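In what follows, a structure is listed as structure tokens, so that the remarks can point back to it.
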Amino acid sequence: METEKLESTLWVGNKRYRAVLNGWHFKWTEVDKNNRDKNTISVPVSEVVGVEEGRVEILPQKSVEDTDKDFTVFYVKRCRSGGTYGLLWRLGRTQFSCPSRVLKDQWITNLRTSVKTHSPRRPHRLLVFINPFGGKKKGRKIYHSLVAPLFELAGISSHVIVTERANQARDHLLKKDLIGFDGVVCVGGDGMFSEILHGLIGRAQQEAGICENDPSVTLQPSSLHIGIIPAGSTDCVCYATVGVIDPVTSALHIVVGDSQPLDVCAVHQASAPLRYSVSLLGYGFYGDVLAESEKHRWMGPLRYDFSGTMVYLCNRSYAGIVQYIPADPVLSSPRDRTRCLSGCSVCSRSTERLIHHSPDSGSSSRSHYSHFNGDSADEWVSVEGRFRCVSLTCMSCACPRSPLGLSPSAHLADGTGDLILVWDTNPLGFLKYLYRHTSAQDQFDLPFVEVHRVKAVRFSVPSSKEEEDYEETGEPSSAISEAETGYVESASRSGSQMHLTEKRSGREMTDKQKTPDSFLCGLCCSKSSAVSVWNCDGEILPITEVFCRIHGQLLHLYARGIEDQALHGCSVENEATSYIN
Ligand SMILES: CCCCCCCCCCCCC/C=C/[C@@H](O)[C@H](COP(=O)(O)O)NC(=O)CCCCCCCCCCCCCCC
Ligand SMILES: Nc1ncnc2c1ncn2[C@@H]1O[C@H](COP(=O)(O)OP(=O)(O)O)[C@@H](O)[C@H]1O
Ligand SMILES: [Ca+2]
């Protein structure tokens, strides 16, 4: 390691610098005519993207001026991004001139060795899937113009597949040879990411001989990292793990081999295959918005705003029974006003816990979740009533529409999810709830909203008299309810275990209440029904009953969480430094 250290005078343009490589950092300080130090630029070697001979540029296209005493260093530069909470990463470039050719060779060798030593997790070979139809249909262009040049500069070889059909990426990952790949890159949106995660998690279970449909089994994490190049409509997984929607920033996180663990929710359905969710698993409003939006795909990302407005005007609520296992309230709470940022201590403590508690592997590995089979109701809390929406998310779900997300204090990798129950309320109340997502106002500080940090959730539809009434009329109840004013709460004890059942009931519908909603539903919805569908990361699950369990840190992304702007000043701009933009 000693051999990587190096110090010498170098020139940038006509300015003299004292450059120092001390293993972990590469610094260069301008020295004036009186030998006084001026400003210093310091770059961690883990953030050096590439070291090239000569005077090199890579954009707009690669050009190399092969002068024998020069070398060029490319590295990560941080910039603030207007309106978002994360930091943009840009490619910084500085061209150095050495007093001799020998010294130039020494700088190149030492810098490259130092990068290898101090940044060992960088990918060498990547499998790239591009969805050419995601978002604004710019996936191919984004990859080839902004991402591929960075991969080439960093010496990463990639095998690119532009998909021709839905589920092609998933099937490839489930069936094809993946030997030699360090990771998978997804160029697309949350739906495309969902394909990749199903492929990789499924593949890891196949290889470990684990039956993924068994809710009590401890799933095996995939050994391949996933990189997301945002080119979709919501891009919530990217936004919540990087803090900005920016292909260059995401590509640079891949290049430096960052690693961000991610919780995954397994969604078990009685008569349909297992699904996984990392962003939004939502019933009611978000299910209806997705179902409606599929008819308007041609609108691109705007389809969600259009469908959101239409579904809002339909003013629906749905009956449901929600059961959940609360997470340990000592560790964290969804209302503690903290944020999961890069290096999050709640997630780090969970890593220790998960490593200590998770059995090695194998289908025989039963955790203390064995009662998930349904044979015990001990820790379960149960609530019943009418809901505008029921949402479960393993992360904040921050996205450009909602910069702090559905649950701003959720953690990316703490092994829990946040369950948000929005009880039936009047239209204005629900609009207030939705609108608060667009600002820093607390959307949980409303009398008809609850949030719980959970390990597992069950959802079913009640088969009560009330439910039969809805079926007879073919319409859900209108929004007028008692949710804001009061609700029935019953607590019963079975043995020593507390079993809570909370009930909030909507009034039965009168013809007067029914008319405006039915009229709107006739306009915007192909059918109105007593039940909704689930929105599972942008995929419709046309069932109502689900059983969900959060699996802590089942995936790893090439990301590092949202960087705290207060901790990272943006690099001082330098005339010999250029950006890709
Ligand atoms: C009045 C303004 C209301 C703004 C409400 C914003 C709530 C945003 C929460 C977003 C959570 C997103 C979670 C991510 C889900 C994605 O996995 C998933 C798939 O994404 P992909 O297509 O990129 O593959 N995306 C979605 O399901 C999209 C959900 C977006 C819902 C947006 C709803 C907009 C509602 C507008 C209501 C307006 C009412 C106006 C009344 C006059
Ligand atoms: N070549 C393709 N043709 C049609 N659908 C595709 C193709 N490739 C991927 N898909 C599907 O398109 C859906 C949406 O993709 P996504 O990239 O998330 O875009 P968006 O964010 O706009 O919804 C995903 O569910 C994915 O399975
Ligand atoms: Ca979580």
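The values are calculated or read from the model by the stated rules, or taken from the named source; none is laboratory data. Predicted model only: the values in this text are computed from it and were never measured. Every residue, glycine as well, gets a Cβ built from its backbone with ideal geometry; the counts of neighbours run over all protein chains shown. Surface accessibility is based on the protein's heavy atoms, side chains included, excluding ligands, DNA and RNA. Shrake-Rupley method; radii C 1.70, N 1.55, O 1.52, S 1.80 Å.
Considering each residue of the range 405-441, count those that are within 14 Å of ligand 1 (Cβ to nearest atom) and over 14 Å from ARG339 (Cβ atoms), and give that number.
Residues that pass the stated criteria total 18.
Can you pull out every residue in the range 300-329 that is open to solvent by 20 Å² or more (accessible area, probe 1.4 Å) and within 16 Å of ligand 3 (Cβ to nearest atom)?
PRO326, ASP328, PRO329
Test TYR276 against the stated conditions and say whether it is hydroxyl-bearing (Ser, Thr, Tyr), outside the structural domain of ILE130 (by the TED database) and under 15 Å from THR416 (Cα atoms).
Spelling it out, TYR276 is indeed hydroxyl-bearing (Ser, Thr, Tyr), outside the structural domain of ILE130 (by the TED database) and under 15 Å from THR416 (Cα atoms).
Give the range 1-13 a look and list any residue that's assigned to a strand (DSSP E or B) and open to solvent by 70 Å² or more (accessible area, probe 1.4 Å), or say none. Before you say what the answer is, go through the steps one by one.
We begin by selecting, within the range 1-13, every residue assigned to a strand (DSSP E or B); these are 6-12.
GLU7, TRP11, listed by residue number.
Does the range 210-229 hold any residues that are of a type in the set (A, V, I, L, M) and either assigned to a loop (DSSP other than H, G, I, E, B) or at pLDDT below 90 (or both), and which are they? Show your work before the answer.
Our first condition is that a residue be of a type in the set (A, V, I, L, M); within the range 210-229, this holds for 210, 217, 219, 224, 226, 228-229.
ILE210, LEU219, LEU224 - these are the residues of the range 210-229 that are of a type in the set (A, V, I, L, M) and either assigned to a loop (DSSP other than H, G, I, E, B) or at pLDDT below 90 (or both).
Report yes if some residue within the range 215-229 is open to solvent by 20 Å² or more (accessible area, probe 1.4 Å), free of Cβ contacts under 8 Å to residues at least 24 places away in the same chain, among the small types (Gly, Ala, Ser) and in contact with a helix residue (DSSP H, G or I) (Cβ under 9 Å, 6 or more places away or on another chain); otherwise report no.
yes
Could you list all residues from the range 137-147 that are in contact (Cβ under 8 Å) with a residue 12 or more places away in the chain and either among the hydrophobic types (A, V, I, L, M, F, W, C) or exposed (fewer than 14 other Cβ atoms within 10 Å of the Cβ) (or both)?
First, the residues of the range 137-147 that are in contact (Cβ under 8 Å) with a residue 12 or more places away in the chain: 137-140, 142-143, 146-147.
Those that are in contact (Cβ under 8 Å) with a residue 12 or more places away in the chain and either among the hydrophobic types (A, V, I, L, M, F, W, C) or exposed (fewer than 14 other Cβ atoms within 10 Å of the Cβ) (or both): LYS137, ILE142, LEU146, VAL147.
Can you list residue pairs whose Cβ atoms sit under 9 Å apart, with the first residue in the range 148-170 being open to solvent by 50 Å² or more (accessible area, probe 1.4 Å) and the second being within 16 Å of ligand 2 (Cβ to nearest atom) and of a type in the set (Ser, Thr, Tyr)? Count only pairs 6 or more apart in sequence or on different chains.
VAL160/TYR143; ARG170/SER194
Could you tell me how many of the residues in the range 78-115 are touching a Phe, Trp or Tyr at 6+ places or on another chain (Cβ under 7 Å) and either free of Cβ contacts under 8 Å to residues at least 40 places away in the same chain or under 16 Å from ILE41 (Cα atoms) (or both)?
7
Just give me the residues in the range 235-265 being of a type in the set (Gly, Ala, Ser), surrounded by 24 or more Cβ atoms within 10 Å (Cβ to Cβ) and touching a strand residue (DSSP E or B) at 6+ places or on another chain (Cβ under 6 Å), in sequence order.
Of the range 235-265, the ones of a type in the set (Gly, Ala, Ser) are 240, 243, 250-251, 257, 259.
This time we only want the ones that are surrounded by 24 or more Cβ atoms within 10 Å (Cβ to Cβ), so: 240, 243, 250-251.
Once the filter is applied, which keeps residues that are of a type in the set (Gly, Ala, Ser), surrounded by 24 or more Cβ atoms within 10 Å (Cβ to Cβ) and touching a strand residue (DSSP E or B) at 6+ places or on another chain (Cβ under 6 Å), the range 235-265 yields GLY243, SER250.
Using the structure shown, decide if GLY232 is crowded, with 24+ Cβ neighbours inside 10 Å, in a loop (DSSP other than H, G, I, E, B) and not aliphatic (A, V, I, L, M). If you could, list the steps in order and put the result at the bottom.
Details: crowded, with 24+ Cβ neighbours inside 10 Å: yes; in a loop (DSSP other than H, G, I, E, B): yes; not aliphatic (A, V, I, L, M): yes.
Considered against the rule, which asks whether it is crowded, with 24+ Cβ neighbours inside 10 Å, in a loop (DSSP other than H, G, I, E, B) and not aliphatic (A, V, I, L, M), GLY232 comes out as yes.
Given the residues LEU412, LEU428, LEU392, which is the only one that is assigned to a loop (DSSP other than H, G, I, E, B) and either surrounded by fewer than 18 Cβ atoms within 10 Å (Cβ to Cβ) or within 16 Å of ligand 3 (Cβ to nearest atom) (or both)?
Working: LEU428 fails: assigned to a loop (DSSP other than H, G, I, E, B); LEU392 fails: assigned to a loop (DSSP other than H, G, I, E, B).
Criteria check complete, one pass: LEU412.
Within the range 14-43, work out how many residues are outside any strand (DSSP E or B) and under 23 Å from ARG78 (Cα atoms).
Kept after step one, since they are outside any strand (DSSP E or B), are these residues of the range 14-43: 14, 22-24, 32-36.
Within this subset, residues satisfying the condition of being under 23 Å from ARG78 (Cα atoms) are 22-24.
Looking only at that region, the number is 3.
Can you tell me which residue in the range 274-299 is nearest to ligand 1 (Cβ to nearest atom), limited to those that are open to solvent by less than 10 Å² (accessible area, probe 1.4 Å) and in a helix (DSSP H, G or I)?
Going through the range 274-299, the residues open to solvent by less than 10 Å² (accessible area, probe 1.4 Å) turn out to be 276-279, 281-284, 287, 290, 293.
So of that shortlist, the ones also in a helix (DSSP H, G or I) come out as 287, 290, 293.
Numbers: GLY287: 9, LEU290: 5, SER293: 7 Å.
Among those that are open to solvent by less than 10 Å² (accessible area, probe 1.4 Å) and in a helix (DSSP H, G or I), it is LEU290.
Residue under question is ARG337, and the condition is that it be open to solvent by 10 Å² or more (accessible area, probe 1.4 Å), at pLDDT below 95, on the phi > 0 side of the Ramachandran plot and outside the structural domain of VAL184 (by the TED database); does it hold? Before you say what the answer is, go through the steps one by one.
Working: open to solvent by 10 Å² or more (accessible area, probe 1.4 Å): yes; at pLDDT below 95: yes; on the phi > 0 side of the Ramachandran plot: yes; outside the structural domain of VAL184 (by the TED database): yes.
In short, yes.
Among the residues of the range 14-56, write down those that are in contact (Cβ under 8 Å) with a residue 40 or more places away in the chain and open to solvent by 70 Å² or more (accessible area, probe 1.4 Å).
Within the range 14-56, TRP24, GLU53 meet the criteria.
In the range 87-109, what residues are open to solvent by 10 Å² or more (accessible area, probe 1.4 Å) and under 28 Å from GLU563 (Cβ atoms)?
Of everything in the range 87-109, those that are open to solvent by 10 Å² or more (accessible area, probe 1.4 Å) and under 28 Å from GLU563 (Cβ atoms) turn out to be LEU88, ARG90, ARG93, GLN95.
Mind listing just one residue for me: the one in the range 534-545 that is open to solvent by less than 30 Å² (accessible area, probe 1.4 Å) and within 16 Å of ligand 1 (Cβ to nearest atom) and, of those, nearest to ALA319 (Cα to Cα)? Don't jump to the end; show me each part of the working.
Step one: list which residues in the range 534-545 are open to solvent by less than 30 Å² (accessible area, probe 1.4 Å), which gives 534-537, 541, 544.
Now narrow it down to the ones that are within 16 Å of ligand 1 (Cβ to nearest atom): 534-537, 541.
Values: TRP534: 14, ASN535: 17, CYS536: 19, ASP537: 22, LEU541: 17 Å.
Among those residues, the one meeting the criterion is TRP534.
To keep it simple, each residue is scored yes or no on (1) among the aliphatic types (A, V, I, L, M); (2) touching a residue at least 60 places away in the same chain (Cβ under 8 Å); (3) in the same structural domain as VAL531 (by the TED database).
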{"position": "LEU281", "(1), (2), (3)": "yes, yes, yes"}
{"position": "MET310", "(1), (2), (3)": "yes, yes, yes"}
{"position": "CYS314", "(1), (2), (3)": "no, yes, yes"}
{"position": "GLN323", "(1), (2), (3)": "no, yes, yes"}
{"position": "VAL330", "(1), (2), (3)": "yes, no, yes"}
